[in-house]
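Only one structure is covered here, and it is reproduced in the block below.
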Amino acid sequence: MINLITHINAWVILGFIGQFLFGSRFFIQWIVSERRGESIIPDIFWYLSMTGSALLLTYAVYRRDPVFIMGQCSGLFIYLRNLMLIYKKKRHGYGR
């Protein structure tokens, strides 16, 4: 336990924050779906995905972990694209 505490620094905290945001998106999606009685992916899911993934990518680059970097890079593109599609739909009035 003491060894773990000595390795905590700003980078590790950043990694934990990213992991928390990234993981919390599933709980948000579950809660929204339960409230509506159907499977829903709310916009916040994609924002949490983007933010968490960006922080995790930053941490992965710091750690120089190519597997972790590759995994986060591919997800970022998908999350960004989904947000672009949501904004396009709202801009054209289809989201109402």
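Which length gain, in nm to one decimal place, applies between LYS90 and THR51 when the Cα-Cα distance is subtracted from 0.36 nm times their residue separation?
Net length gain for the segment: 11.9 nm.
For the chain, what is the accessible area per residue in Å² when the probe is 1.4 Å? Don't skip to the answer; put the middle values down first.
On the way: 7230 Å² over 96 residues.
Roughly 75 Å² per residue, with all protein chains present.
Please report, as a whole percent, how much of the solvent-accessible surface of the chain comes from carbon and sulfur atoms (probe radius 1.4 Å).
67
Which order do the peptides 25-33, 7-15 take when ranked by the mean count of other beta-carbon atoms within 10 Å per residue, highest first?
25-33, 7-15
State the label only: which of (i) 6.6; (ii) 7.0; (iii) 8.0 corresponds to mean projected area of the Cα convex hull in nm² computed from the shown model?
(iii)
Less than 13 Å Cβ to Cβ from ILE40, Lys/Arg counted +1 and Asp/Glu -1: what total charge do the surrounding residues give?
Taking every other residue near ILE40 into account, the sum is 0.
The values are calculated or read from the model by the stated rules, or taken from the named source; none is laboratory data. Treat the numbers as computed from the prediction; the structure is a model and nothing was measured. No Cβ is skipped: glycine too gets one built from the backbone with ideal geometry, and neighbour counts run over all protein chains shown. The accessibility values were calculated without ligands, DNA or RNA, using every heavy atom of the protein model including side chains. Shrake-Rupley method; radii C 1.70, N 1.55, O 1.52, S 1.80 Å.
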